[in-house]
Each structure stands twice: as C-alpha cells, then as structure tokens.
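Notes for the one structure printed next.
The values are calculated or read from the model by the stated rules, or taken from the named source; none is laboratory data. No experiment lies behind these values; they were computed from the predicted model shown. As a convention, Cβ positions derive from the backbone with ideal geometry for all residues, glycine included, and neighbour counts pool all protein chains shown. Remember, those area values only see protein heavy atoms, side chains included, never the ligands or the DNA or RNA. Shrake-Rupley method; radii C 1.70, N 1.55, O 1.52, S 1.80 Å.
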Amino acid sequence: MILTVPTRPFDGQKPGTSGLRKKVAEFRQPHYVENFIQAVFASLPDHDGETLVLGGDGRFYNREVVQIAIRMAAANGFGRLLLARGGLLSTPAASLLIRKYGAFGGIVLSASHNPGGPNGDFGIKFNVANGGPAPEAVTERIYAETRKLSHFLITDTPDVDIDRLGKSTVESMTLEIIDPVADYRELMAKLFDFGAIADLFRSGFSMRFDAMNAVTGPYATTILEGSLGAPKGTVVNGIPLPDFGGLHPDPNLVHARELYELMMSPGAPDLGCASDGDGDRNLIIGRGQFVTPSDSLAVLAANAHLAPAYRSGISGLARSMPTSSAADKVAEAMRLKCYETPTGWKFFANLLDAGLITLCGEESAGTGSNHVREKDGLWAVLLWLNILAVRRQPVKDIIREHWRKYGRHYYTRHDYEGLKSQAAADLMDSLRDRLPQLSGKKFGREIIVRADDFAYQDPVDGSIAAHQGLRLFFESGARIVYRLSGTGTEGATLRIYIECYEPDPARQAREPQEVLRPLVELSRSLAELERRTGRQEPSVVT
C-alpha cells in the first residue's frame, strides 16, 4: 500500500554538484532522507513509468537508505528500478548503467572521498539521463522542493533482499537486482587492449592497487586479478567496509601514505594505484615516481592513441581551472582545443555531450573520458596499464620524457580544512576586493601581471558560472589560485593551488615543495592567512 506521510521541511537541504552531503547523524533524523528523496522525485517531471538506477559506495547507512529509496521509487510511480547487488555501485558504474539502459536518472548514495562510519559523512546525489551530475537548474528545483514539502510518498512493503540477483515487484514497479561489475567490465574490455595488458602481467610486471576498503574493490579484483591475470593479492583493502576500515578513503599522499612509502622503497612494484570511496578518483605512482593528477591527465592525453578506444584520435581536452596547465601544452602540440572549466564534473559533461572533448580531468585526482559522464578511477588505471603495455617503459621514464618534450609544471595544493566559515569567506572577500590593485605589483622576484575572479561561459548552453576562484598570474608564468571547496561537511575548506612552469630539462628533477616555497609563502601573506584564520600550516599538502 502507498502511504502519504505528513512531514515538515528541514533547513539546509541544498544540494551542490556533488549532491547533498552531511554528517550521518543529520541523515538519521526521522524523515530527513525521505524528505530529500521526495524533493528529488517531485522536481522531476514526467518520470512515471521510467527507469531509475540506485546504488552507493557501501558506507555506513547505505543499506538502510537503499531500502527507503526502493519503497519511495515504487510509491512515486517509477516503472523499473535497477539496483546494484548489495546496494554497492561505484559512481562511474552508475553513470554507465544510466546510459546503457536508457534510465531516466539515478540516485547515487555517496559522500565520495569523505570518511564513513557512524560519525562520518553520508551523501545523496541525483544523476540525470546523460549519466552526469544534475546541473544547477535541477539542483535548484530540488532545493525549492525541500523548502515547501508537506508530505512524502512511500510504500509499506517489507525490506527487500538486496543481495540476491533477480527480478521482483514492489507495488507495480519492477525491481531488478543486477551485478554492477559485469557491465563495467564489459565496457572496459572494449575500451582497452586486455590481451596486451595480460601479456604485461605475464612478463613479470608487478602492481599494487589499494581499493581503500571502498567500492572499487570488487571491480578491481574482477578486472585486474580475474580478467587480466594479475597475481592474487595485487588488490589490497578490496572488501568495501561501512567505515572504510577506519581509513580516510581519499587517494592522496596523506591518506594513501602507506602506498606512497612502498612505491618509494627499494622493493617497490612497477605501479601503485588507489581509488577513493565511490571509485571516481585515482592515484598513480610509479616506482620512485609520484604522478600528479595534472601530469597524469597530460600524459594520458598524449598517449591515449595507444588504447583501442582512442586510436583514431581525440576531439579535445578539458581541465578544471585549478588544474595545472600541463594538459594545455599537450593540446597545443596536438592542435586541439583545451577548455578551462570551473570545478565540477557537470561542466565536462556538457562538453562531452557536444563532442567537443574526449578526455578531461581535475587536479583533485579525477580523470575521465567520453565513455561515461563521471570521472572514473579504475578507467584511469587501465589506460595507464594499456600505455605501459605498449611502451614497455617504467612510469618514471615516461614522465621524464613527457617533461622533456612539453616542460614540467611544478604544482602543489595546500588545503586548510575545518576553517570557521565566516573567517574563510572574509579572507576571500578581502582578497577579491584587492585584486584590481595587485596587477603590476612586484613581490620578490615575482611580478603579478593579471589578477581576476574566474568566470566561465559554457560554450554549449551559454550559461555563466561566476566567482569560481581567485587567480593571480605572474610574469614568470607562475600562478596562484584561491578557492573555497564545497565537498566538506564541517566548516570551510580553503584550497590554495600553486604552479610554476619549467621548460629546461636540466631543472626538472627538483623537489616541487622546494621549488614552490617562495610562491607558497607569498600565497599565505597575500591572503593574510594566519591573521584571518589562525592557521600557520595547511591540513593537507598534495
């Protein structure tokens, strides 16, 4: 039976491009989940009888919300629900299922790289029919619905056994529980030369893939150890856990430190990789060689033709504004357009749908292509493996050759997490007000030639995204970017990105933090960071 349950709006249920992210305790409030899901459904016209995809990264509270979403989808008139077995579905696989099965959209239960567990974070995101994150017009409609809800619809049916494959019905809706790895593996086998990669492993190539106790574990185990013949044990931390084993599932040099130290040791395997909570980010480290996400995008673009899916070439590239300019150099050499977008995968999705680009990426370890409309961590690893299988060179040699050809972009990101929101906003407002006066000023050896507040006009739909980050450009070619991140759930996170370009091969082997130290110090003083936030050092350096 379908129930109409009275409710009242909750404050603060405004989703961003990454959906609604809050602490688990907030989501566990009575009717909190139901209100938001009802707002999603109420904002979607003409969904009666349509197909919906559902799944999440397996974090704490995932299974409970899956049951709620099943009953609410049935009550709200969906005709078919494709549910990943166990409720476990990576974000890129969700995008794939939406696209492959012509779904109306999908609900992805994830807070991505944020910590899990009872005291951790939870999230709900809606992806539209192209498989990508809901654009701002949709998230604004959802938010408007959250503010006026008076009731939600749900069935009184019992919980479903979500671990058993097969079809059943909930009211008049068909519920189909599927193996999410199968479709994803099938697509990867079409994109990449699995035979060449298998030969690479047979030749003695060694690898460590850290799934960080998150959703990519089953995908990586099935493909790397199953299809490609990598030795058992290649995938570590491969069983998804509700609290990610107490770890922070963010594949950076802080939270994947154990992998980094292994890769810098004498007994390192040839390749070390990791992915995050929901499987859309990646970390690439060769023996003795960390690969920045910005460099990874550039190397993948320069070598994509070595994989079957991209053998005929790529149509264009895109990078988020804070990402280093390394991809621009590759695009210039290949006579391709390289688009600079705000942070947020929805901007890439528009370019991909229009056929303007084939590959895209961001400095926060997200890389992707036109195969789905989300970033894809395991896809990036497989493309690296395909390149290594063809070139038969160590990662370090490939990176050094790339720098010699295109120049090296020394790059770092300093995160200041958990700042008081007002203090962070005041810092950005003060710096924004001073931008006009900074152009032409000299600081040590550096001269600022341009200072702006980045705005983007989408070449596809003409929409404008303003106030996307403060940029300082220097006569030397260096750059500093300041941006407030929207992915955290406590306080504010200020990210400062620092970059300089070195075309001289004789000067490309230095330590990035040493090279960038003067710019780092300048970035702090210009922002009056310590005075305004009380912080002397960043929380995370990548």
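So, for the chain, what is the accessible surface per residue at a probe of 1.4 Å, expressed in square angstrom? List each step's numbers first, then the result.
Details: 20830 Å² over 542 residues.
Result: 38 Å² per residue.
Taking the Cβ of LEU247 as the center, what net charge do the other residues with Cβ under 13 Å away carry, scoring Lys and Arg +1 and Asp and Glu -1?
Result for the neighbourhood of LEU247: -3.
What full-extension length gain, to one decimal in nm, is calculated for THR7 and ASP159 as 0.36 nm per residue of separation minus the Cα-Cα distance?
Length gained between THR7 and ASP159: 52.5 nm.
Quote the FRET efficiency, to the nearest 0.05, computed for HIS467 versus SER315 with a Förster distance R0 of 30 Å and r equal to the Cβ-Cβ distance.
For R0 = 30 Å, the calculated efficiency reads 0.50.
Under 12 Å from the Cα of LYS337, which aspartates and glutamates turn up, not counting those fewer than eight places away in the same chain?
List returned: ASP328.
Could you order peptides 194-200, 532-538, 228-234, 298-304 by the average number of other Cβ atoms within 10 Å of their residues, highest first?
298-304, 194-200, 228-234, 532-538
Once R0 is set to 56 Å, what does the formula 1/(1 + (r/R0)^6) return for the Cβ-Cβ distance between LYS441 and GLU401, expressed as a FRET efficiency to the nearest 0.05? It would help to have the intermediate numbers written out before the result.
Details: r = 38 Å, r/R0 = 0.68.
Taking R0 as 56 Å, the efficiency between LYS441 and GLU401 is 0.90.
Can you tell me, using C-alpha contacts under 8 Å and at least 6 residues apart, the relative contact order of the chain as a whole percent?
13 percent
Using the Cβ atoms and a cut-off under 14 Å, what net charge is assigned to the surroundings of LEU438, where Lys and Arg are +1 and Asp and Glu are -1?
Computed value for this residue: +1.
Among DSSP bridges having both ends in region 195-334, what percentage is antiparallel? Round to the nearest 5.
Just about 55 percent of them are antiparallel.
Explain nothing, just the number: dipole magnitude of the chain about its Cα centre with +1 on each Lys and Arg Cβ and -1 on each Asp and Glu Cβ, in debye rounded to the nearest 20.
In total the dipole reaches around 1020 debye.
Please list, or write none, the lysines whose alpha carbon is within less than 24 Å of the alpha carbon of LYS167, excluding same-chain residues fewer than 8 places away.
Hits, sequence-local ones excluded: LYS100.
State, as an integer percentage, the relative contact order of region 89-150 based on alpha-carbon contacts under 8 Å between residues 6 or more apart.
Relative contact order of region 89-150: 30 percent.
Can you tell me the length gained on complete extension of the stretch VAL541 to LYS14, counting 0.36 nm per residue apart and subtracting the Cα distance?
Working: separation 527, 0.36 × 527 = 189.72 nm, distance 2.92 nm.
Full extension of this stretch gives 186.8 nm more.
Return the calculated 222 nm mean residue ellipticity for the chain, to the nearest 500 deg cm²/dmol, obtained by summing -39500 (n - 2.57) across DSSP H runs with n ≥ 4 and dividing by the residue count. If you can, show how the numbers build up before the last one.
Numbers: 17 runs with 177 residues, N = 542.
Helix contribution divided over all residues of the chain: -9500 deg cm²/dmol.
As a test, work out the antiparallel percent of DSSP beta bridges whose residues both lie in region 40-155, rounded to the nearest 5.
Here the share of antiparallel DSSP bridges comes out near 35 percent.
Keeping the other protein chains in place, figure out the carbon and sulfur percent of the accessible area of the chain, with a 1.4 Å probe.
That fraction is 48 percent.
Under a straight-distance cross-link criterion of Cα-Cα below 17 Å, which lysines are reachable from LYS405, leaving out those fewer than 8 residues away in the same chain?
Leaving aside lysines fewer than 8 places away in the same chain, those within reach of LYS405 are LYS329, LYS396.
How much length is gained if the chain between ARG335 and ALA423 is pulled fully straight, taking 0.36 nm per residue apart and subtracting their Cα-Cα distance, in nm to one decimal?
Taking 0.36 nm per residue and subtracting the Cα distance, the gain is 27.3 nm.
Under a Cβ-only charge scheme (Lys and Arg +1, Asp and Glu -1), can you give me the dipole magnitude of region 437-542 about the Cα centre, in debye to the nearest 20?
Rounded to the nearest 20 debye, it is 340 debye.
Which entry is the computed Kirkwood radius over Cα pairs in Å for this structure: [x] 25.9; [y] 25.3; [z] 23.9?
[z]
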